[in-house]
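Novice: This structure is in structure tokens; I'll ask about it shortly.
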Amino acid sequence: ETQATSSAHIGLFLGASETDKHPDAGFWSALAGELLEAGHRPVLLGGEAEQALGREVAAALDAPALDLTGRFSIGELSRFLQELDLFVTPDTGPMHLAVWTETPVLNISTGPVNAWETGPFAPGHYVLRASVPCVGCWQCTQSSVLCKEALHPKRTAFLIHELATKKERNLQKI
């Protein structure tokens, strides 16, 4: 169980430049539900292109979700990111913006992207990627996106909880 000792504000950036580079609505809603259950406060983020995905994720939750997709300019997003305890995002421009603003980042690295080349690299930021032989490709050649299918909302929520509550040392056990 991942009961939070204190509530953390977690930003979930839902989209990316390509569909294969970000989890689907089912993953995001399950993840947000796990975070809510653990006492955290997830906020759904994204640009105008992610508004439909944000509505879908929010509708699938059994609890109210703060859906701020399509609401921020870059400057406003930059200021908002600084209020978060952790920013969870695929490889996106906002991921790099969060690193620049010193907001802790968990990059969910899926699809045709190589986290070794795109980061984030600065200390205090993390990358979650699958252990599949084709991870780090720039063009998926599999019949399905194996690295995306390997994501588990409950496990990801546990990781987020440990990072947001500054318990990274516990991650060495898993």
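Novice: Could you please let me know if Thr69 is in contact (Cβ under 8 Å) with a residue 12 or more places away in the chain and closer than 23 Å to Phe158 by Cα? Before you say what the answer is, go through the steps one by one.
Specialist: Working: in contact (Cβ under 8 Å) with a residue 12 or more places away in the chain: yes; closer than 23 Å to Phe158 by Cα: no.
The answer is no for Thr69.
Novice: Here's another thing I want to ask about it. Taking Ser6 as meeting all but one of (1) touching a strand residue (DSSP E or B) at 6+ places or on another chain (Cβ under 8 Å); (2) at pLDDT below 95; (3) not aliphatic (A, V, I, L, M), write down the number of the exception.
Specialist: All conditions pass for Ser6, except number (1).
Novice: What's the number of the only condition in (1) of a type in the set (Gly, Ala, Ser); (2) within 25 Å of Val113 (Cα to Cα); (3) open to solvent by 20 Å² or more (accessible area, probe 1.4 Å) that Ala25 fails to meet?
Specialist: Of the numbered conditions (1) of a type in the set (Gly, Ala, Ser); (2) within 25 Å of Val113 (Cα to Cα); (3) open to solvent by 20 Å² or more (accessible area, probe 1.4 Å), the odd one out for Ala25 is (3).
Novice: What number of residues within the stretch 59-75 are among the basic types (Lys, Arg) and on the phi > 0 side of the Ramachandran plot?
Specialist: Initially, the stretch 59-75 is screened for residues among the basic types (Lys, Arg), giving 71.
Retained after the next criterion (residues that are on the phi > 0 side of the Ramachandran plot): none.
Total satisfying the criteria: 0.
Novice: Hey, among the residues in the stretch 52-97 that are among the small types (Gly, Ala, Ser) and not in a helix (DSSP H, G or I), which one's surrounded by the fewest Cβ atoms within 10 Å (Cβ to Cβ)? I'd like the intermediate steps shown before the answer.
Specialist: Looking only at the stretch 52-97, we keep the residues that are among the small types (Gly, Ala, Ser), and these are 52, 54, 58-60, 63, 65, 70, 73, 75, 78, 93.
With the extra rule that they be not in a helix (DSSP H, G or I), the set shrinks to 63, 65, 70, 73.
Values: Ala63: 10, Ala65: 23, Gly70: 15, Ser73: 8.
Looking at residues that are among the small types (Gly, Ala, Ser) and not in a helix (DSSP H, G or I), I get Ser73.
Novice: Let me ask another. Please go through (1) closer than 19 Å to Gly47 by Cβ; (2) modelled with pLDDT of 95 or more; (3) among the aliphatic types (A, V, I, L, M); (4) open to solvent by less than 20 Å² (accessible area, probe 1.4 Å) for Val113 and return the number of the only condition it doesn't satisfy.
Specialist: Going through the list (1) closer than 19 Å to Gly47 by Cβ; (2) modelled with pLDDT of 95 or more; (3) among the aliphatic types (A, V, I, L, M); (4) open to solvent by less than 20 Å² (accessible area, probe 1.4 Å), Val113 breaks only (2).
Novice: Take Glu34 and decide whether it is surrounded by fewer than 23 Cβ atoms within 10 Å (Cβ to Cβ) and farther than 20 Å from Thr156 by Cβ.
Specialist: no
Novice: Further question on the same structure: Please enumerate the residues belonging to the stretch 120-145 that are modelled with pLDDT under 80, open to solvent by 60 Å² or more (accessible area, probe 1.4 Å) and either over 17 Å from Leu106 (Cα atoms) or not in a loop (DSSP other than H, G, I, E, B) (or both).
Specialist: Residues of the stretch 120-145 modelled with pLDDT under 80: 130-145.
Restricting the remaining residues to those that are open to solvent by 60 Å² or more (accessible area, probe 1.4 Å) gives 131, 133, 138-139, 141-143.
Of everything in the stretch 120-145, those that are modelled with pLDDT under 80, open to solvent by 60 Å² or more (accessible area, probe 1.4 Å) and either over 17 Å from Leu106 (Cα atoms) or not in a loop (DSSP other than H, G, I, E, B) (or both) turn out to be Pro133, Trp138, Gln139, Thr141, Gln142, Ser143.
Novice: Test of understanding: among Gly15, Gly11, which residue is in contact with a strand residue (DSSP E or B) (Cβ under 6 Å, 6 or more places away or on another chain) and touching a residue at least 60 places away in the same chain (Cβ under 8 Å)? Walk me through how you get there before you give the answer.
Specialist: Working: Gly15 fails: in contact with a strand residue (DSSP E or B) (Cβ under 6 Å, 6 or more places away or on another chain).
Going through Gly15, Gly11 in turn, the sole match is Gly11.
Novice: Hey, another quick one. Could you give me the residue pairs with C-beta distances under 6 Å whose first residue belongs to the stretch 40-52 and is in contact (Cβ under 8 Å) with a residue 60 or more places away in the chain, whose second residue is among the hydroxyl-bearing types (Ser, Thr, Tyr) and open to solvent by 10 Å² or more (accessible area, probe 1.4 Å) wherever it lies, and which are 6+ apart or on separate chains?
Specialist: Filtered contacts from the stretch 40-52: His40/Ser7.
Novice: Could you grab me the full set of residues in the stretch 155-174 that are closer than 20 Å to Phe87 by Cβ and either modelled with pLDDT under 85 or open to solvent by 40 Å² or more (accessible area, probe 1.4 Å) (or both)? Explain how you work it out, then say what you get.
Specialist: Narrowing the stretch 155-174 to residues closer than 20 Å to Phe87 by Cβ: 155-168, 171.
Matches in the stretch 155-174: Arg155, Phe158, Lys166, Lys167, Glu168, Leu171.
Novice: Now for a different question. Which numbered condition in (1) in contact with a Gly (Cβ under 6 Å, 6 or more places away or on another chain); (2) open to solvent by 50 Å² or more (accessible area, probe 1.4 Å); (3) at pLDDT 95 or above is the only one that Asp20 fails?
Specialist: For Asp20, the failing item is (3).
The values are calculated or read from the model by the stated rules, or taken from the named source; none is laboratory data. This one's a predicted model, so the numbers in the text were calculated from it and none came from an experiment. Every residue, glycine as well, gets a Cβ built from its backbone with ideal geometry; the counts of neighbours run over all protein chains shown. Just the protein is used for accessible areas: all its heavy atoms, side chains included, with ligands, DNA and RNA removed. Shrake-Rupley method; radii C 1.70, N 1.55, O 1.52, S 1.80 Å.
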